[in-house]
Structure formats: C-alpha cells, structure tokens
Amino acid sequence: MKKFIPIIIIVCLFIVFVPKNPFADEEMLFPVEKGESSKEIALNLEADGLIWWGPLFRVYVLLTGQAGDLQAGTYRFSSSNSLFSLVRDMANGDIAQEEFTIIEGWNLRDIGFYLENKGMARAEELWELTGLPLDTQSREGYLFPDTYLVRHNASLTEILAKMQANFDKKTASLLVEIEKQGKTLSEIITMASLIEKEVRTKEDKETVSGIFWKRIAAGRPLESCATIAYIKGVSQWRYSFEDTRIESSYNTYLNYGLPAGPICNPGLESIEAALHPRESDYWYWLSTPEGETIFTKTLSEHNAAKAEYLK
C-alpha cells in the first residue's frame with residue numbers, strides 16, 4: 001500500500017493544480033448561494049464540468065482551512081481554471097464583474113438604452129430613479145461619464161451610487177473655485193453640458209465657454225442648438241426657425257441665461273472649461289461638417305461663414 005501513496009499524492013496534486021480543460025476559453029457564471037456548504041459547491045462544480053472530482057474539492061478546502069472562507073456571489077469560471085484557482089477566487093470573493101462605459105455627452109435617455117442593451121437594467125427602471133430628460137428634478141448632468149466595474153447583477157441603485165460617487169470625487173476639488181466665482185455647482189454643470197454638446201477640443205470648449213458667459217453678462221440669449229436637440233430628442237445638422245420657437249425652459253433661443261438644467265452628462269474637461277472660460281473678441285461660432293470650429297466676431301462674419309462652410 002505504501003508504494004501507492006506517492007502515486008495517490010501525485011494524482012491529487014494533478015487534480016488540484018491542473019485544469020480539467022486547459023485550452024477552454026468559454027466562461028460560465030457560477031453562483032454560490034449564501035449558506036451553501038462546501039459539499040453543495042463541490043457537487044455543483046463537478047456537475048458544471050468545472051472540476052475533475054467533487055469530493056477532492058471538499059477534502060482540499062477542509063485540509064487548507066478554507067471551507068469557511070468560501071464567499072457567496074456569482075463567479076465567472078471556466079474549465080481552464082484549476083481547482084486551486086477556483087477555491088482562491090471564492091475565498092477572496094473575486095466575484096464576476098460587469099464593465100460599462102458612459103460616454104461624455106450622453107443624456108439620461110442614452111444611458112437608459114445603453115444599460116438595457118447590455119442587459120444590465122431596463123431603461124424605464126433607470127428613468128424611474130433618475131427622471132427623464134427635460135425633468136428639472138432629474139439627475140441629468142450628475143452621472144459622471146467613465147468606465148465602471150460593478151458586480152454581476154448589481155442593482156440600479158448600486159450602479160447609480162457608483163456614478164454619483166465618481167461625480168462627487170471628480171468635482172470635489174472645483175467647489176472652492178466655483179464658490180469663489182459666485183456661481184453654483186448646478187450652474188457650472190449646466191454650462192458644461194452645453195459646451196460638451198457644442199464643440200470637441202479643449203481649446204474650443206474654453207473659447208465657447210467665454211462666449212456663453214459673455215452673452216449672459218451682456219443680456220443676450222445663448223442660442224445653443226444643442227438645447228433644441230435636447231428638447232426635440234433628435235440631433236440634426238440644422239434646425240428650423242420653428243424649432244427655435246418651441247416653448248420650453250430649456251430653449252436658449254427664447255429664454256435668457258442658462259437653460260433650466262443640464263442637457264447631458266459632461267466630462268471633466270467641459271466642466272473645467274465652464275469654470276475657466278477663455279476671453280476673446282468672438283461672439284459667434286459654427287462647426288463645419290468636418291468638425292472644425294469657425295469663430296467669428298460679428299453677425300455679418302458669422303453669416304458669411306455659414307454661407308461658406310454650411311453649403
């Protein structure tokens with residue numbers, strides 16, 4: 001019998017450290033329920049084809065003292081994982097995570113459809129928590145654009161809390177300067193949302209910020225096409241005169257000053273541009289089909305630029 005002991009040890013080590021299928025690349029979601037025993041976990045791992053032999057899993061976690069460390073949650077496993085790595089992940093609580101990216105300039109409607117397409121939430125459920133575009137009490141503007149990792153099947157409350165916490169973290173250092181300028185965070189985010197939708201580069205954003213703040217100081221309407229796009233829920237190359245007459249507190253052609261609230265969720269560059277505008281002699285600008293921004297000083301120059309670039 002003694003002569004078989006080394007062989008048994010080698011076989012056990014093989015089962016522990018060698019994956020059942022080293023070349024497998026397909027992953028599966030493996031749930032571990034709260035209160036589930038190591039025996040139940042072992043049986044499920046074997047039934048799903050993730051390990052060679054369930055009983056050895058139990059022996060291994062008992063001998064290594066990890067039986068009580070296995071944490072509940074949903075894991076992303078493959079048969080290319082060794083038994084050793086499976087136990088390590090469950091003991092560390094390395095649960096499956098979902099990655100999602102919120103793009104700068106997206107509004108609440110965009111975010112809702114995006115999360116729904118990823119199967120992470122229903123759009124209507126998101127809007128119940130955040131409000132919809134054109135709702136002045138919504139969370140528009142405060143869901144910071146970034147790439148996030150959340151646990152698999154995370155609730156919408158968790159997802160929104162993570163985005164809000166990121167917003168608070170990214171804007172914390174700006175609060176003193178905002179107060180120093182006699183503005184509010186709401187005003188800065190609203191201005192940043194217009195800038196985000198109007199132009200692309202950092203330099204253009206700072207210049208447009210200067211123009212917008214200058215127009216407000218001079219008692220002139222902002223006349224931002226981005227606000228008309230927000231009201232209509234449709235992004236167009238051009239908007240008609242009738243479009244600019246739509247009654248809405250977000251219409252910057254009919255109303256003076258900032259719109260009733262943010263029109264999208266701006267990135268940090270646009271927020272900083274709203275806070276640090278660039279002074280210039282310009283009062284107007286337009287974007288060419290190629291994305292270039294043409295700045296002009298007078299209405300006649302602006303009309304000439306439209307005739308030249310927007311044929």
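Numbers for the structure displayed
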{"item": "Residues of the stretch 60-78 with amide N under 20 Å of the 7 Å Cα→Cβ point at Ser155", "result": "72-75"}
{"item": "log10 of Debye I(q)/I(0), alpha-carbon scatterers only, for the stretch 108-187 at 0.14, 0.17, 0.21 Å⁻¹", "result": "-0.52, -0.72, -0.99"}
{"item": "Filtered chymotrypsin sites (Phe, Trp or Tyr not before Pro), the stretch 68-116: DSSP coil and at most 11 other beta carbons within 10 Å", "result": "none"}
{"item": "Isotropic mean projected area of the C-alpha convex hull, the stretch 96-280 (nm²)", "result": "10.8 nm²"}
{"item": "Tail beyond 36 Å, pair distance distribution of the chain (Cα, percent)", "result": "41 percent"}
{"item": "Within a Gaussian network of the chain (alpha carbon springs, distance under 10 Å), most fluctuating of Ser209, Ser249, Ser270", "result": "Ser249"}
{"item": "Between helix 5-17 and the chain: long-axis angle, C-alpha atoms, 0 to 90°, nearest 10", "result": "10 degrees"}
{"item": "Convex hull volume of the stretch 56-178 per residue (C-alpha atoms, cubic angstrom)", "result": "150 Å³"}
{"item": "Placed amide H near Gln97: partners under 5 Å, 5+ positions off or other chain", "result": "His152"}
{"item": "Pairs from Lys183/Lys232; Lys34/Lys118; Lys214/Lys306; Lys34/Lys170; Lys180/Lys205; Lys180/Lys214 whose Cα-Cα separation, in the structure shown, is over 25 Å", "result": "Lys183/Lys232; Lys34/Lys118; Lys34/Lys170"}
{"item": "Over 19 Å [Cα-Cα, the stretch 26-97], rounded percent", "result": "19 percent"}
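Throughout, read-outs are computed from the coordinates displayed, never taken from laboratory work. No experiment lies behind these values; they were computed from the predicted model shown. A quick note on method: Cβ atoms are made from the backbone with ideal geometry, for glycine too, and the neighbour counts reach across all protein chains shown.
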